[in-house]
Structures are given as structure tokens and as C-alpha cells.
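The next block holds one structure in the form of C-alpha cells; read it before the comments.
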Amino acid sequence: MDRLKQIETFVAVASKGSLTAAATLEGVAPAVIGRRMDALEARLGVKLLVRTTRRLQLTHEGAAFLEDCQRLITDFNSAEASVSAGGVKASGHLRITAPGGFGRRHVAPLVPEFLAQHPEVSLSLNLSDRVVDIVNESYDCAVRVGDFPDSSLVAVRLADNRRLCVATPAYLARAGTPQHPAELPRHDCLVLSSDASQTRGWAFAVDGEVQHLRLPGRLDCSDGQVLHAWCLQGLGLAWRSTWEVRADLAAGRLVSVLDDFAAPPNGIYAMFPSARHLPLRVRLWIDFLKHSYGDPGYWERAG
């Protein structure tokens, strides 16, 4: 059986949430989808899906494999497009959305260079810290920062994203330095409000497991840049990405705490609804971001 077809079927099943929906998408009987999944799991020697009469759920191995499969399919389609397109130039309008703070620092500054490379493409950039519904709001691509996103969308990991718990020296002198994540509820924590993208809480590695803490706070905001500013004013502890606080740490304006409990990095992703017939301008945009963020010196230069 075609290995690529098995992988495409697995992605379709995971995205649609059922064998029947995936079968409808591919125009085959559900039994055919079931046989492909059985063959894939047998070949890999792991269980990817837990199937019951009422629901389908990815195993831990399945969730990790899904991300790789989505990236593989995207790269495969991009390779085909680059050959079949030949001398055809990317054209048309590209609608992109990204979180406010990250978008201002690491998406918007790259747009002029991308448009210079592709003069027949126009682009709209939406910056918002809410989770934009890119399907219903008709966006071509979303840049998202954080935990692995909704599997109903195709995700391409662009870079790692590491987060730190930070505060000003003045706040720590006044309130004390927490020695364990369990002490955080006793501190002033500056939290992203629940309607924004950081919905699972602050992540820490405790006793070999990642724990997500939903912390109370006197101050919350849907804009991460506001939280950053409040933190610099000494109003409390904040959980921020290294790309946001690197310069403040180097200058001593902020100090990182609980470093011994730092969770593994999550990701910076390009998200889009489907890899099928993806416009060339979207493929080129994603490739451009991967190349830019993959440059070892990019994050230092970008501050």
C-alpha cells in the first residue's frame, strides 16, 4: 500500500475526527479508511488512534506523528508546486493573521522583503491576541505561538518558542523570589485574559511532568504587550517568551525566576485550513517564514 496515501488518510481522519468523515472526503467506503489505518499502525508498530463507537482520539504517539505528517504533506505539495509552477509567478491577495506582540516584532517587519520578492502579491495583515477563526473569517494563514494548535488545521512548525517567568528586581525585592511554581498563587501574577491565545496557563516542569497553572491575578489583559509593560513597571510576575524579553534580561530590567522548572519549548506555527490545492503565494509565504526564523542569527538581530 502507498505509504504516502496512508499518511494522507491518517491526517484526514485526525482532522475530520472520524473514519466516516475522512471516507466522505476521499470518496471511498469507511472500511477502506479503516484498513489503511490498521495497515499504518501495523507498519509503525504503535497505536495512533483510540477508536470507540462514539469518538476518536489521538494517542500521545499519534499526536506527535500528526505534526510530522502534516509538515511532510505540506513539504511534498510545495515541492510539486515548485516544479509544476515552473516560471509561473505567485500572484493574488494574501490574508495573514498573527498575535499582536509577535506580529509587530516578527511578522510585519518581514512583509516588505516578501513583497519585494513577489511583486504580484498583495497582503493584508491582521494582528490580534484572540484566536482568529481563519476558516470562517477567510484568512489564508495564521502565525500562532504556543502549544500545539487545533488538529483540524494543518500546522507547520516554524521555530521553537521558550517562555520564562520574569519580574523586575524591584518587585522581587519587595515580594520575594518564588522558589517553586506552587508559590505563584501568593504573588501578583500578570495573566493573559481567557479570550486570548494563552488559554492553558503557565507551563512548568515539575517532577518530570509538564504542569499548566491557571493563576489568579489582580491584573489581566488580552494584549501581551500590555502585560510586558506592566511587568516592566514592577507590578508583578509575567510569563513571557524569550523573543519578547531577551533585551530586558540582558539589560537587567527583568530577571527570570523558576528557571529550574522551565518547561520544554513549545512552538511557533504557520496554520492553514488544508494542504490540498494550497495557493502558491501561501506556500511561498510559509517557506519564507521558515527560512527567516531558521536563520541562526535572526532572533539576535530581531532583538
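The values are calculated or read from the model by the stated rules, or taken from the named source; none is laboratory data. As the structure is a computational prediction, the values presented were derived from the model and not from experiment. Reconstructed Cβ throughout: ideal geometry from the backbone, glycine too, with neighbour counts over all protein chains shown.
Which count do you get for residues in segment 293-303 that are in a loop (DSSP other than H, G, I, E, B) and touching a helix residue (DSSP H, G or I) at 6+ places or on another chain (Cβ under 8 Å)?
Number of matching residues: 2.
Can you name the residue in segment 235-292 that is over 30 Å from Phe204 (Cβ atoms) and part of a loop (DSSP other than H, G, I, E, B) and, of all such residues, is modelled with the highest pLDDT?
Pro279
Restricting to segment 145-190, count the residues that are polar (S, T, N, Q) and under 29 Å from Ala64 (Cα atoms). I'd like the intermediate steps shown before the answer.
At the first step, the residues of segment 145-190 found to be polar (S, T, N, Q) are 151-152, 161, 168, 177, 179.
From what's left, under 29 Å from Ala64 (Cα atoms): 151-152, 161.
Qualifying residue count, segment 145-190: 3.
Just to be sure before I move on: is Ile33 within 27 Å of Arg283 (Cα to Cα), part of a helix (DSSP H, G or I) and not small (Gly, Ala, Ser) in the structure I sent?
Numbers: within 27 Å of Arg283 (Cα to Cα): no; part of a helix (DSSP H, G or I): yes; not small (Gly, Ala, Ser): yes.
In short, no.
Being at pLDDT 80 or above and within 14 Å of the chain's Cα centre (by Cα) narrows it down to one of Val132, Val111, Val121, so name that one. Step through it out loud before you land on a result.
Details: Val111 fails: within 14 Å of the chain's Cα centre (by Cα); Val121 fails: within 14 Å of the chain's Cα centre (by Cα).
Sole residue among the options that is at pLDDT 80 or above and within 14 Å of the chain's Cα centre (by Cα): Val132.
Would you point out which residue out of Leu213, Leu227, Leu219, Leu278 is touching a residue at least 40 places away in the same chain (Cβ under 8 Å) and of a type in the set (A, V, I, L, M)?
Leu278
Picking from Arg214, Arg246, which residue would you name as being surrounded by fewer than 16 Cβ atoms within 10 Å (Cβ to Cβ) and basic (Lys, Arg)? Don't jump to the end; show me each part of the working.
On the way: Arg246 fails: surrounded by fewer than 16 Cβ atoms within 10 Å (Cβ to Cβ).
Answer to the check: Arg214.
Under 7 Å between Cβ atoms, at least 6 apart or on separate chains: pull out the pairs that start in segment 10-35 with a residue that is touching a residue at least 60 places away in the same chain (Cβ under 8 Å) and end on any residue that is part of a loop (DSSP other than H, G, I, E, B) and surrounded by fewer than 20 Cβ atoms within 10 Å (Cβ to Cβ).
From residues that are touching a residue at least 60 places away in the same chain (Cβ under 8 Å), the pairs are Ala14/Ser151; Ser15/Ser151; Ser15/Ser152.
Going by the conditions given, is Arg144 under 17 Å from the mean Cα position of the chain (by Cα), buried (at least 18 other Cβ atoms within 10 Å of the Cβ) and basic (Lys, Arg)?
yes
Among the candidates Leu72, Leu66, which residue alone is at pLDDT 85 or above, part of a helix (DSSP H, G or I), of a type in the set (A, V, I, L, M) and touching a helix residue (DSSP H, G or I) at 6+ places or on another chain (Cβ under 7 Å)? Full working, then the answer.
On the way: Leu72 fails: at pLDDT 85 or above.
Being at pLDDT 85 or above, part of a helix (DSSP H, G or I), of a type in the set (A, V, I, L, M) and touching a helix residue (DSSP H, G or I) at 6+ places or on another chain (Cβ under 7 Å) holds for just one of Leu72, Leu66, which is Leu66.
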